[in-house]
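K.L.:
There's a structure below that I have some questions on.
The values are calculated or read from the model by the stated rules, or taken from the named source; none is laboratory data. From a predicted model like this one, the values you see are computed outputs, not experimental measurements. For neighbour counting, all protein chains shown are included, and Cβ atoms are generated from backbone atoms with ideal geometry for every residue, glycine included.
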Amino acid sequence: MYTRFFGFKERPFKMVPDPAYLYLSRTHQEAMAHLAYSLKSGDGFVQVTGEVGTGKTTLCRAFIQRLDERYEVAYIFNPVLDPIELLKAINDEFGIDTEPDNARALIKILNAFLIQAKRNGKQAILIIDEAQNLSRGVLEQIRLISNLETSRDKLLQIILFGQPELEQTLDSQPLRQLRQRMTLSARLRPLTLKETRAYALHRIQVAGRTRGDPFTSGAMRCVYRFSGGIPRLINLSCDRALLTAFAADNKQVGKKEVRAAVEELQYQIPAHGASRSMHRIGQAALASVLLLVVAGVLLMVTGIVPASWMSMENWKTSPPSAQVPVRVTIHEIPKPPTGHVIHGDTPVDVKPAMQVVSLDDVISSEDGYLLRQSALHTLLNLWGLPSQNPSFLESIDDDAMFVRLAANYHGLSFLRLVNDWTMIERLNLPAIIPIQSQSDDVVRMLTLSGVTSDGYLFYVGKERLKVIMSPEDLARFWTGEAFILWKNFLAINGVIPRKTNGESIITLKLLLRDIGFNGIEIDAVFDETARRAVMAVQEKNGLPVDGVVGTMTKIALYNEKMSLNIPKLKQ
């Protein structure tokens, strides 16, 4: 073949979905960003659609390749299956029992596996390619398994790749509940002329050619006219054009070679050969419709047809009533037990060490070092994290550094506030609060876990005794510092727009759209629409309204997304 002739290690335009050749056009980049966002946020349902040949399977396989050992993946391709066969295929992909022949038993096995995966810190994902082939019965079965969840988390994330017919099926009335569960959707569109050139050059370089592009600009314009920017048709025409040039002993592929290749291909691809005639038919149909509209308007003006007949209101159908999806909790992971609450000077019938009547007595009787350890352990547990810490932390004297290093170790971020209790309440996250007893000069750490109508709820010591402190007591004891741990769930890095990257901007825009800001265009540009949405979130949460996404704005944005598991002072 022509590989050695053009300096390739392999054919660059093979008709196989090889992830190594994935070219991220604008819409492909957006789709990949949607997928990455769904993983980070833990949202349950995602769909990616596109016409035949737009690269859905290649994108799907590239996405799977990026997943590491933190994920358990079941990949179903071209699923012409009934509901029981689908459940068996899913269980088989996860490596679990497929013997039962009824849905209830198969789902029970799947649920047990998903719960164990969650306990092991793994995220389970079901990916179905060519999902437009799914029957309504199978889609209903998918809706049912999407209900598998604990009280805090979805147990199974579902991603569907398919042709636009999938969207039409999901929009049907019987599947409206499944459509309502779709948290994210992306559409792959044909490439532009510029992207077509970049796509071809990308594949040529991946195939090993280092001497530049063998295609002339005119040749690529011909490729684009034939393919319409569809990657599969680009591959066909470029592959055939290279073969034509090779047969003629030409090192350069020009318009002549592409035209010859396209002429052959048009007879081999009936649908594509018919597309131009269909386009002409479409134009004629459009002209006919316009003629009818003009005639209708003239008839209305002359009074032959009542004006009410032309009113769009008479053609609108009443919208279907909103259907709230039923949330079914199959299994609940047990929560750790909570301690007792001490209100003011009310004694509680518990262990003697917990029978206290004064906050000053509680903190002065506890060792400052041990209280610091206990406060950190409690805060980590509120975030659902284990309390084990590296031994080197014991040697850190500086309290802020101690908490910061612990946060880094556990994959959390750290924020220190000084003399700003109002901001602590606005950020609405638990915090470690240093206080100082009036009976000695020792600074001790408590964990602020809630705000009630009676005051502030703290955890104290290794017994996790709950104490409610009034604002007046707080003013007497508080040193003025606060150490807050927070989680950058979606890896929005840097300060937007001052210092960041395109991926973080795309992720931010997806988050803004997800929390209710429609009209956000998903690209790597922090535009005015996105800035105004950020300012609205800042204003709502009592933050400085500057449109800049720093630490406190990220916290506020994450707090707006209800599906994230975030411990809060006020729910």
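K.L.:
Is it true that some residue in region 178-193 is out of contact with any His (no Cβ under 7 Å at 6 or more places or on another chain), farther than 30 Å from ASN147 by Cα and among the aliphatic types (A, V, I, L, M)?
P.N.:
Checking region 178-193: at least one residue is out of contact with any His (no Cβ under 7 Å at 6 or more places or on another chain), farther than 30 Å from ASN147 by Cα and among the aliphatic types (A, V, I, L, M).
K.L.:
Going through region 173-231 one residue at a time, which ones are more than 27 Å from the chain's Cα centre (by Cα) and hydroxyl-bearing (Ser, Thr, Tyr)?
P.N.:
THR196, THR210, THR216, SER217, TYR224, SER227, listed by residue number.
K.L.:
Something else about it: Given the condition of a type in the set (A, V, I, L, M), surrounded by fewer than 16 Cβ atoms within 10 Å (Cβ to Cβ) and not in a loop (DSSP other than H, G, I, E, B), answer yes or no: does some residue in region 534-543 qualify?
P.N.:
Within region 534-543, one or more residues are of a type in the set (A, V, I, L, M), surrounded by fewer than 16 Cβ atoms within 10 Å (Cβ to Cβ) and not in a loop (DSSP other than H, G, I, E, B).
K.L.:
Now, a different point. Assuming LYS14 fulfils every condition listed in (1) of a type in the set (D, E, K, R); (2) assigned to a loop (DSSP other than H, G, I, E, B); (3) under 18 Å from the mean Cα position of the chain (by Cα); (4) surrounded by fewer than 20 Cβ atoms within 10 Å (Cβ to Cβ) apart from one, which condition is it?
P.N.:
Only one criterion is unmet by LYS14, namely (3).
K.L.:
Just one of LEU512, LEU465 is crowded, with 18+ Cβ neighbours inside 10 Å and under 30 Å from ALA533 (Cα atoms); which is it?
P.N.:
Just a single option satisfies the conditions, and that option is LEU512.
K.L.:
Answer with yes or no whether ASP527 is over 19 Å from ASP43 (Cβ atoms) and either in contact (Cβ under 8 Å) with a residue 24 or more places away in the chain or of a type in the set (D, E, K, R) (or both).
P.N.:
It is true that ASP527 is over 19 Å from ASP43 (Cβ atoms) and either in contact (Cβ under 8 Å) with a residue 24 or more places away in the chain or of a type in the set (D, E, K, R) (or both).
K.L.:
I'd like the full set of residues that are in contact with a strand residue (DSSP E or B) (Cβ under 9 Å, 6 or more places away or on another chain) and modelled with pLDDT under 95, limited to region 531-565.
P.N.:
SER563
K.L.:
Okay, next question. Which residue, of LEU393, LEU415, LEU405, LEU429, is in a loop (DSSP other than H, G, I, E, B) and either on the phi < 0 side of the Ramachandran plot or touching a residue at least 12 places away in the same chain (Cβ under 8 Å) (or both)?
P.N.:
Answer to the check: LEU429.
K.L.:
Return the residue satisfying two criteria in turn: it lies in region 110-132 and is out of contact with any strand residue (DSSP E or B) (no Cβ under 8 Å at 6 or more places or on another chain) and polar (S, T, N, Q), and of such residues it is nearest to LEU86 (Cα to Cα).
P.N.:
Filtering first and then ranking leaves ASN111.
K.L.:
In region 41-69, which residues are part of a helix (DSSP H, G or I) and under 18 Å from ILE506 (Cβ atoms)?
P.N.:
SER41, LEU59, ALA62, PHE63, ARG66
K.L.:
Might you let me know whether region 142-150 holds any residue that is modelled with pLDDT under 80 and farther than 30 Å from ILE230 by Cα?
P.N.:
Scanning region 142-150, I find at least one residue that is modelled with pLDDT under 80 and farther than 30 Å from ILE230 by Cα, so the answer is yes.
K.L.:
Consider LEU412 against the criteria (1) under 29 Å from the mean Cα position of the chain (by Cα); (2) over 14 Å from PHE483 (Cα atoms); (3) aliphatic (A, V, I, L, M): it satisfies all of them except one. Which criterion is unmet?
P.N.:
Condition not satisfied by LEU412: (2).
Here's the yes/no breakdown for (1) buried (at least 20 other Cβ atoms within 10 Å of the Cβ); (2) within 23 Å of THR169 (Cα to Cα); (3) out of contact with any helix residue (DSSP H, G or I) (no Cβ under 8 Å at 6 or more places or on another chain):
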{"residue": "ASP18", "(1), (2), (3)": "no, no, no"}
{"residue": "TYR21", "(1), (2), (3)": "yes, no, no"}
{"residue": "ALA31", "(1), (2), (3)": "yes, yes, no"}
{"residue": "LYS40", "(1), (2), (3)": "no, no, no"}
{"residue": "GLY55", "(1), (2), (3)": "yes, yes, no"}
{"residue": "PHE63", "(1), (2), (3)": "yes, no, no"}
